[in-house]
Amino acid sequence: MLKKAAKFMNLYNSYVVSCFFARTPFVRMIPSDKCNLKCKYCWQRREESYEMTMEEFERHLAKAKKLNVGIITFLGGEPMAWPLIFDAIQKCTDKNVLTDMTTNGTLLDDKTIQQLGTAGLDYLNISVDGMNPSVVTAKNSIFRKDILHLLKEAKKRFRMHFRINSVIYKNNFEEIKAMINFAKDQNIQISLGYIVEPLAKQQNEGSGIHFRLEDKQLLDEIIDYIVNKKRQGYPIIDPEEYFKNVYKYLRGEKFWNCNYPTKYGWVNISPDGRIRSCTKKMDELDLRYDELDINMIKNLREVLAQKTAVCNVHCYSNCAYDSFYYTHHKFQMLKKVLNRIRLK
């Protein structure tokens, strides 16, 4: 409990400092782009990817502490396929840094859940797209035998909170309904996001599952269902506006701004240590995180602003939209936090 309190005090201090000075309070660590799945809607993977060493990770963590980091989230690829993940989380815990990880869940079992809890992982986001594997995605780990029970035990023992993330595409509406009701029955927060086409159009394997304006009837059904469930108190963390504004996105309108260039924005660290302007684009700037200093942060934000100005209209990532929405709607943010406390 004392360690958890120290982490939250560090996050609070990190946030306060970032309000007055240029810092990087929120960091995303991408230790490898490798993934053991090939979901048809996903392009955030590379078969041949460099893997971060522990020496490199420790260097990034040391730099993050100097820049007042409050929370580090581990992404991929699949972060649990990185052999050093448990040691890396432990080192963050030792430095009083909150940790968060998003996983496809395929490597969760009794042993690894215990390892994550022991290392001090604070938040676990599990991608679950349905009760059964499909030709589009095989993310159904939470329905494997004993996994949900093990996660709930880890939550009690280690205070390792978890939620589920699910994607919405053309032909999985029934699965989405099932996931929403499952989340309500099990008292688990759920985040729902529309899939979008690759920003660089470098892949076509997801063809046929993306929404178009002509899918209005289906989209209206999906929107009405999700919004009504949210209003009934179902634990959907995304704002109503995200679901309802999908038509603006499909029409190519500019109606929201990515938070990457702001003080609330995440700084993404690639496997080889360079900064990415976005996890979706998987591009890399000519700048290494461990070379970043306070005087360079303002310029970095300006570069990120230029990058997001180009791609923002083509993106509808729910995590990015949610960050924008809640930083501009403080009352809704408070309600979200209170709902999270209620579910603990």
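The values are calculated or read from the model by the stated rules, or taken from the named source; none is laboratory data. Remember, predicted model here, so these are calculated numbers, not experimental data. Note: ideal-geometry Cβ built from the backbone for every residue, glycine included; neighbour counts use all protein chains shown. Just the protein is used for accessible areas: all its heavy atoms, side chains included, with ligands, DNA and RNA removed. Shrake-Rupley method; radii C 1.70, N 1.55, O 1.52, S 1.80 Å.
Can you name every residue in segment 144-162 that is crowded, with 16+ Cβ neighbours inside 10 Å and either over 21 Å from Gln90 (Cα atoms) or within 17 Å of the chain's Cα centre (by Cα) (or both)?
Result: Ile147, Leu148, Met160, His161, Phe162.
Of the conditions (1) open to solvent by 60 Å² or more (accessible area, probe 1.4 Å); (2) at pLDDT 90 or above; (3) not in a helix (DSSP H, G or I), Asn204 satisfies every one except a single condition; which number is it?
(2)
Residue check, Ala62 against (1) under 14 Å from Val27 (Cα atoms); (2) touching a Leu at 6+ places or on another chain (Cβ under 8 Å); (3) open to solvent by 30 Å² or more (accessible area, probe 1.4 Å), all met but one. Which one?
Checking Ala62 against (1) under 14 Å from Val27 (Cα atoms); (2) touching a Leu at 6+ places or on another chain (Cβ under 8 Å); (3) open to solvent by 30 Å² or more (accessible area, probe 1.4 Å), the one that fails is (2).
When the residues of segment 168-199 are narrowed to those that are part of a loop (DSSP other than H, G, I, E, B), among the polar types (S, T, N, Q) and within 15 Å of Ile237 (Cα to Cα), which ends up most open to solvent (accessible area, probe 1.4 Å)? Walk me through it before giving the result.
Quick first cut of segment 168-199, residues part of a loop (DSSP other than H, G, I, E, B) only: 169-172, 187-189, 195-199.
Keeping just the survivors that are among the polar types (S, T, N, Q) gives 171-172, 187, 189.
Those still in the list that are within 15 Å of Ile237 (Cα to Cα) too: 187, 189.
Values: Asn187: 75, Gln189: 24 Å².
Among residues in segment 168-199 that are part of a loop (DSSP other than H, G, I, E, B), among the polar types (S, T, N, Q) and within 15 Å of Ile237 (Cα to Cα), the one most open to solvent (accessible area, probe 1.4 Å) is Asn187.
Can you find a residue in segment 278-290 that is touching a helix residue (DSSP H, G or I) at 6+ places or on another chain (Cβ under 9 Å) and assigned to a helix (DSSP H, G or I)?
Yes, some residue in segment 278-290 is touching a helix residue (DSSP H, G or I) at 6+ places or on another chain (Cβ under 9 Å) and assigned to a helix (DSSP H, G or I).
Being over 20 Å from Glu58 (Cα atoms) and either open to solvent by 50 Å² or more (accessible area, probe 1.4 Å) or under 12 Å from the mean Cα position of the chain (by Cα) (or both) is the filter here, so list the residues in segment 79-111 that pass it.
First, pick out the residues of segment 79-111 that are over 20 Å from Glu58 (Cα atoms): 102-111.
Once the filter is applied, which keeps residues that are over 20 Å from Glu58 (Cα atoms) and either open to solvent by 50 Å² or more (accessible area, probe 1.4 Å) or under 12 Å from the mean Cα position of the chain (by Cα) (or both), segment 79-111 yields Thr102, Thr103, Asn104, Leu107, Asp109, Asp110, Lys111.
Within segment 286-302, can you find the residues that are open to solvent by 20 Å² or more (accessible area, probe 1.4 Å) and either more than 17 Å from Val27 (Cβ to Cβ) or out of contact with any Gly (no Cβ under 8 Å at 6 or more places or on another chain) (or both)?
At the first step, the residues of segment 286-302 found to be open to solvent by 20 Å² or more (accessible area, probe 1.4 Å) are 286-288, 290-291, 293-296, 298-299, 301-302.
The answer is Asp286, Leu287, Glu291, Asp293, Ile294, Asn295, Met296, Lys298, Asn299, Glu302.
Write out, first by first residue and then by second, each pair whose Cβ atoms fall under 7 Å of each other, whose residues are 6+ apart or on separate chains, and whose first residue, in segment 44-68, is under 12 Å from Leu292 (Cβ atoms) while the second is of a type in the set (D, E, K, R).
Here the result reads Arg59/Asp290; His60/Asp290; Lys63/Asp290; Leu67/Arg23, each pair linking segment 44-68 to a residue that is of a type in the set (D, E, K, R).
For residues in segment 117-143 being over 19 Å from the mean Cα position of the chain (by Cα) and more than 25 Å from Lys3 (Cα to Cα), which is surrounded by the most Cβ atoms within 10 Å (Cβ to Cβ)?
Looking at residues that are over 19 Å from the mean Cα position of the chain (by Cα) and more than 25 Å from Lys3 (Cα to Cα), I get Val136.
Going by what's in this entry, would Lys4 be described as over 14 Å from Pro79 (Cβ atoms), open to solvent by less than 60 Å² (accessible area, probe 1.4 Å) and basic (Lys, Arg)?
Numbers: over 14 Å from Pro79 (Cβ atoms): yes; open to solvent by less than 60 Å² (accessible area, probe 1.4 Å): yes; basic (Lys, Arg): yes.
Here the answer is yes, as Lys4 does meet what is asked.
Conditions (1) without any contact (Cβ under 8 Å) to a residue 12 or more places away in the chain; (2) in contact with a Cys (Cβ under 9 Å, 6 or more places away or on another chain), marked per residue:
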| residue | (1), (2) |
| --- | --- |
| Ala81 | no, yes |
| Asp87 | no, no |
| Asn96 | no, no |
| Leu108 | no, no |
| Gly117 | no, no |
| Val128 | no, no |
| Pro133 | yes, no |
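Could you please let me know if Asn257 is surrounded by fewer than 20 Cβ atoms within 10 Å (Cβ to Cβ), of a type in the set (S, T, N, Q) and within 20 Å of the chain's Cα centre (by Cα)?
Numbers: surrounded by fewer than 20 Cβ atoms within 10 Å (Cβ to Cβ): yes; of a type in the set (S, T, N, Q): yes; within 20 Å of the chain's Cα centre (by Cα): yes.
Considered against the rule, which asks whether it is surrounded by fewer than 20 Cβ atoms within 10 Å (Cβ to Cβ), of a type in the set (S, T, N, Q) and within 20 Å of the chain's Cα centre (by Cα), Asn257 comes out as yes.
Please go through segment 46-71 and pick out each residue that is part of a loop (DSSP other than H, G, I, E, B), within 16 Å of Ile275 (Cβ to Cβ) and of a type outside the set (Ser, Thr, Tyr).
Kept after step one, since they are part of a loop (DSSP other than H, G, I, E, B), are these residues of segment 46-71: 46-53, 67-70.
Applying the additional criterion that residues be within 16 Å of Ile275 (Cβ to Cβ) yields 50, 52, 67, 69.
Correct list: Met52, Leu67, Val69.
Those residues that are surrounded by fewer than 15 Cβ atoms within 10 Å (Cβ to Cβ) and in a loop (DSSP other than H, G, I, E, B), I need them from segment 20-45; list them, please.
From segment 20-45, those surrounded by fewer than 15 Cβ atoms within 10 Å (Cβ to Cβ) are 20-21, 36, 38; that's our starting set.
Phe21, Asn36, Lys38 - these are the residues of segment 20-45 that are surrounded by fewer than 15 Cβ atoms within 10 Å (Cβ to Cβ) and in a loop (DSSP other than H, G, I, E, B).
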